[in-house]
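Chemist: Following this message is one structure expressed as structure tokens.
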Amino acid sequence: MSTPSETNKESRLDLSKWSKLPNQLIGFGALTAILGIVIPSWHKTFAYSYLTAYMFFLSLVLGSLFLVLVHHLFDSYWIVPIRRFLEHLSCAIPVLGFLFIPIALFAGSIYPWMSSTGHDHSLEVKSFMYNRGSFYLMAVILFALWYWLSNGLRSASLEQDKTGAAAHTHTMRRYACGGIFIFAITLTFACFYWMKSLEHQWFSTMYGVYYFAGSVWVTLATTYVIALVLRGTGHLAPIIQKSTFKDIGTLFFAFTVFYAYIHFSQYFLIWNAAIPEETFWYVKRTNGVWWSVGMLIIFGHFFVPFLGLLRIDAKMCLPVMVPMVVWAWLMHYADMSFNIKPISNPTGIGVTFPGLILSLGTMAGMAGLFAKWFLKEFNAHPPFPQRDPRVAETVAAYVEPLSASASSANK
């Protein structure tokens with residue numbers, strides 16, 4: 001099996017031919033957005049395609065923030081080589097805020113509870129949460145907290161590049177200590193308000209963990225390919241190791257199992273209780289094409305990556321991992337579609353041309369915007385932490401403790 005190896009100058013990847021791709025993706029996304037707005041019969045399909053793409057990229061941003069928090073909480077040295085680009089991804093909150101504007105403007109047509117006029121007991125008992133004021137206020141609070149946390153962590157990391165002071169490590173650990181609780185609460189509120197509330201009658205106590213598991217899963221897959229590309233361009237070649245790819249792949253494998261466990265637990269508890277307020281959500285998703293999507297998630301989201309990554313060397317085998325990353329993106333999009341799109345297509349009719357073109361367009365536009373943001377931030381700062389205390393350990397270099405040096409000098 002071929003494995004990720006050290007990259008020298010002669011074998012560095014040339015990505016210049018891809019420099020125009022983000023703008024091309026943004027242009028395609030803008031064109032499909034115009035079509036979705038101008039053509040009346042496409043409005044509804046566009047709205048839910050846009051929300052699906054938004055929740056997909058929200059997963060990547062929050063998943064990156066989680067990995068940064070985990071690094072500081074557990075002092076995990078192996079994340080050091082990839083931490084800087086994860087910091088950039090987690091700081092893409094302004095992009096998320098900009099992309100949320102259409103959702104905020106058209107929320108009345110996206111979320112059925114906003115336009116509910118009749119007596120709805122399930123909405124009345126949740127009215128403290130599901131009302132227009134709380135919807136917009138919560139969005140402001142979520143973006144503010146994410147911006148504060150992600151930028152606080154990155155700012156301390158960049159300051160350490162300049163001074164090398166251990167105080168910045170302590171600052172980042174303090175951010176992570178309280179930030180992990182903020183992360184858990186805000187992620188839960190985000191997926192409840194922006195995705196689960198599409199069917200406000202539904203009850204699930206595991207939905208936040210379910211979205212979290214899928215988010216970190218797809219982020220780890222994305223992290224693998226970004227690290228691979230940046231090693232190929234030479235940016236991470238001085239610091240990244242073969243073991244880094246193995247560790248990313250191992251965690252990706254772990255979250256494959258964790259996601260399957262959470263998803264099955266949610267389904268099993270609802271099936272076992274057989275309460276109408278819970279079961280209708282899954283019943284709707286047995287109609288037409290949604291049954292096939294559900295089966296795809298069961299086998300494609302779990303069995304394919306689980307069996308494909310069982311061997312330890314598979315996690316460093318590029319012919320296995322690169323297709324697995326692409327597969328992970330497809331499965332996570334299928335998962336987001338399974339949660340969102342049955343609202344606009346409850347009968348589960350097959351894929352239509354408007355649905356296909358709008359799904360591709362919204363994903364392409366957001367991908368281009370995020371790529372443009374990421375490249376701008378990445379090129380403006382050092383590609384990896386320059387003076388982190390764990391850098392030496394990352395590259396397997398032994399640094400003699402100061403106490404040992406002093407002791408030798410006194411002899």
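Chemist: Based on the alpha-carbon set only, what is the convex hull volume of region 89-158 divided per residue, in Å³?
Modeler: Values: hull volume 6.5 nm³, N = 70.
Enclosed volume per residue, from the Cα hull, is 92 Å³.
Chemist: Okay, next question. Which one, Val225, Ile180, Cys191, projects farthest toward the positive side of the charge dipole computed for region 150-252 from Cβ point charges (K/R +1, D/E -1)?
Modeler: Val225
Chemist: Could you line up Thr32, Thr188 from fewest to most neighbouring Cβ atoms inside 10 Å?
Modeler: Details: Thr32 24, Thr188 16.
Ordered from fewest to most neighbouring Cβ atoms within 10 Å, Thr32, Thr188 come out as Thr188, Thr32.
Chemist: Name the shape class, rounded, prolate or oblate, that the alpha-carbon gyration tensor gives for region 127-275, where a ≥ b ≥ c are the square roots of its eigenvalues, rounded holds for a/c under 1.5, and otherwise prolate holds if a/b is larger than b/c and oblate otherwise. Display every interim value, and only then the final one.
Modeler: Details: a/c = 2.67, a/b = 1.45, b/c = 1.85.
Oblate.
Chemist: Here is a follow-up. What is the Cα radius of gyration of region 59-179 over 2.2 N^0.38 Å, N being its residue count?
Modeler: Details: Rg = 18.8 Å, N = 121, 2.2 N^0.38 = 13.6 Å.
My calculation over the Cα atoms of region 59-179 gives 1.38.
Chemist: Continuing with this model, one more query. Helix-derived [θ] at 222 nm for the chain: sum -39500 (n - 2.57) over DSSP H runs of at least 4, divide by residue count, nearest 500? Intermediate results must be reported in sequence, preceding the final value.
Modeler: Numbers: 17 runs with 289 residues, N = 411.
-23500 deg cm²/dmol, from helical runs alone.
Chemist: Separate question: Expressed in nm to one decimal, what extension gain is obtained for the pair Arg132 and Ser265 from 0.36 nm per residue of sequence separation less their Cα-Cα distance?
Modeler: Numbers: separation 133, 0.36 × 133 = 47.88 nm, distance 3.19 nm.
Value of the extension gain: 44.7 nm.
Chemist: Fully extended, how many nm does the chain gain between Val283 and Val125 (0.36 nm per residue separation, minus their Cα-Cα distance)? Can you show the working numbers first?
Modeler: Values: separation 158, 0.36 × 158 = 56.88 nm, distance 2.35 nm.
Net length gain for the segment: 54.5 nm.
Chemist: Using a simple charge model, +1 on the beta-carbon of Lys and Arg, -1 on the beta-carbon of Asp and Glu, nothing else, what dipole does the chain show about its Cα centre, in debye to the nearest 20? Walk me through the numbers before you get to the answer.
Modeler: On the way: 27 positive and 19 negative charges, 117 e Å.
Here the chain has a charge dipole of around 560 debye.
Chemist: Cα centroids of region 78-104 and region 147-198: how far apart, whole angstrom?
Modeler: 11
Chemist: To the nearest 0.05, how large is the calculated FRET efficiency for Leu296 and Lys162 if R₀ is 60 Å and r is the Cβ-Cβ distance? Please list the in-between numbers first.
Modeler: Numbers: r = 49 Å, r/R0 = 0.81.
After rounding, the FRET efficiency stands at 0.80.
Chemist: Which entries of Lys242/Lys315; Lys126/Lys196; Lys20/Lys376; Lys242/Lys372; Lys242/Lys376 show an alpha-carbon separation above 21 angstrom in the structure shown?
Modeler: Lys242/Lys372; Lys242/Lys376
Bear in mind these aren't lab numbers, they're just calculated from the coordinates by the rules spelled out. Since the model is a prediction, treat every value here as computed from it, not as a measurement. Positions of Cβ are generated from backbone atoms using ideal geometry, with glycine treated the same way; all protein chains shown enter the neighbour counts.
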